[in-house]
1. So what's the gap between the Cα centers of the stretch 21-35 and the stretch 233-274, to the nearest angstrom?
2. Pop the C-beta distance of Lys170 and Tyr352 into the FRET formula with R0 = 35 Å and round what comes out to the nearest 0.05.
3. Per-residue counts of other Cβ atoms within 10 Å, averaged by peptide: what ranking do you get for 107-119, 83-95, 192-204, highest first?
4. Determine the calculated [θ] at 222 nm for the chain from helices alone, applying -39500 (n - 2.57) to every DSSP H run no shorter than 4 residues and normalising by the residue count; nearest 500 deg cm²/dmol.
5. Hey, rough spin-label estimate for Thr119 and Lys29, points 7 angstrom out along Cα→Cβ, what's it come to in nanometres?
6. Taking θ = phi - 60°, what integer Hz values does the Karplus form 6.51 cos²θ - 1.76 cosθ + 1.60 yield along the stretch 334-345, in sequence order, with x for Gly and Pro?
7. Taking the Cα centroid of the stretch 87-108 and of the stretch 315-383, what is the distance between the two, rounded to the nearest whole Å?
8. Using only Cα atoms and rounding to the nearest 10 degrees, what angle (0 to 90) does helix 146-161 make with the longest principal axis of the chain?
Amino acid sequence: MYYSKDFNILAINLDGLRRDKLFHCPALKSLSERSYYFSKMDTVTPYTFTSLHAIFSGLYPSSNGVNSYYNMFKFKKNSLTTIPQFLKKLGYYTCCDINSKSVMPEQGYDEYLIYDEKTIDFPQRHSDLIKKLHKKKFFIFLQNTETHNNLVRAIIEKDKEEPTDDKYFKSVEENDLIYNSHLPTTDSYVGKLLNTLDELGISKKTILVIFSDHGTSVGEKKGEKFYGVYVYDYTLNVFTIIHIPGQAPKKIDKQCRTIDIFPTIAEIAGAQNKQFSKIQGESLFSFIDNPDAESREVFAETGGLYGPWPSPKKHNVFCVKINQKKLIYNDTPKTWEFYDLKNDPKELNNLYNENSKEVKFLKERLIHYFQENNIITSISSND
């Protein structure tokens with residue numbers, strides 16, 4: 001138990017930051033080496049508002065209600081507890097600064113702030129917010145969309161000049177360079193906030209939880225320019241850095257999920273496991289306390305946020321990952337894919353064979369998650 005009742009908690013979402021870009025960012029890399037770094041975390045849904053609702057509820061999208069573009073405001077707030085609600089009961093002053101009300105519900109926050117993405121100076125605004133609240137015992141959640149937005153803007157401008165999808169998907173290396181060009185801005189932002197904590201004299205009593213909500217496509221798979229359409233690893237692979245002052249750093253190379261962040265923060269604040277029987281995530285501290293802890297299964301869902309149009313009324317693309325084997329199911333149209341991620345990390349060679357023992361096992365696990373989350377698909381017992 002890592003109970004620090006007098007510590008602040010600062011949670012930062014670096015929106016759309018791919019896991020494989022972390023080590024292009026010196027400040028983030030340095031912090032990861034001084035912290036608990038979860039290097040094989042996957043999002044359970046690869047677009048922002050569904051991902052953050054899952055993180056802050058500890059539940060898969062189809063269980064918390066926010067499981068498509070059309071359901072962004074259908075969070076089951078009357079029956080579920082969120083991170084800020086839990087922490088507020090423990091005496092934390094809770095505050096968030098986000099880009100839209102669609103990102104997360106307002107419940108549990110003392111201050112629920114919305115910024116204008118067109119004019120915001122992220123380092124200055126968020127540094128000032130920490131300064132304003134630093135004398136309180138706080139939980140602050142900050143959403144930084146800068147890298148994500150800069151890439152999207154660059155791609156949109158590129159489309160105006162060359163309005164053909166084929167050109168984009170044949171320019172992966174160029175698109176990747178555009179992405180990389182915006183990383184220093186994000187890294188500088190992280191450095192600015194770390195310096196602010198030092199200047200205020202609160203870095204030794206502030207726990208940091210820095211994570212990405214989803215990755216971003218640079219054109220690897222035709223049909224997905226950004227994220228949210230498919231469940232390939234370039235959008236599922238994310239990371240989490242948890243820095244607890246006074247704790248020895250550790251890199252955890254076990255597969256885990258973004259829904260595990262809520263129970264981890266809860267444990268930091270002193271919660272008992274029995275308080276969260278309805279949460280589907282599990283505390284990440286079991287990996288720290290037990291080096292033999294097994295990797296966790298990953299189940300992910302999405303709904304074609306950027307196409308094919310119109311976006312579905314509910315999620316219709318799913319996957320399950322176990323021991324570097326991955327099964328993908330698309331309900332419309334009904335298609336299957338199976339990848340050996342150890343030998344094919346870019347998911348280029350679909351090895352699906354309905355008679356394979358590995359495929360049959362992963363189908364059983366996929367159906368288990370459908371049942372657990374009340375997901376209705378066209379899969380029959382013969383599939």
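FYI, it's all coordinate maths here, none of it is from the lab. Since the model is a prediction, treat every value here as computed from it, not as a measurement. Using ideal geometry, Cβ is built from the backbone for each residue, glycine included, and neighbour counts are taken over all protein chains shown.
1. The stretch 21-35 and the stretch 233-274 have Cα centres spaced 16 Å from each other.
2. Rounded to the nearest 0.05, the efficiency is 0.85.
3. The packing order, highest mean first, is 83-95, 192-204, 107-119.
4. Theoretical 222 nm ellipticity from helices: -9000 deg cm²/dmol.
5. 3.7
6. Here the 3J(HN,Hα) series is 6, 9, 10, 9, 9, 10, 8, 5, 5, 9, 9, x Hz.
7. That distance is 35 Å.
8. Result, in degrees: 40.
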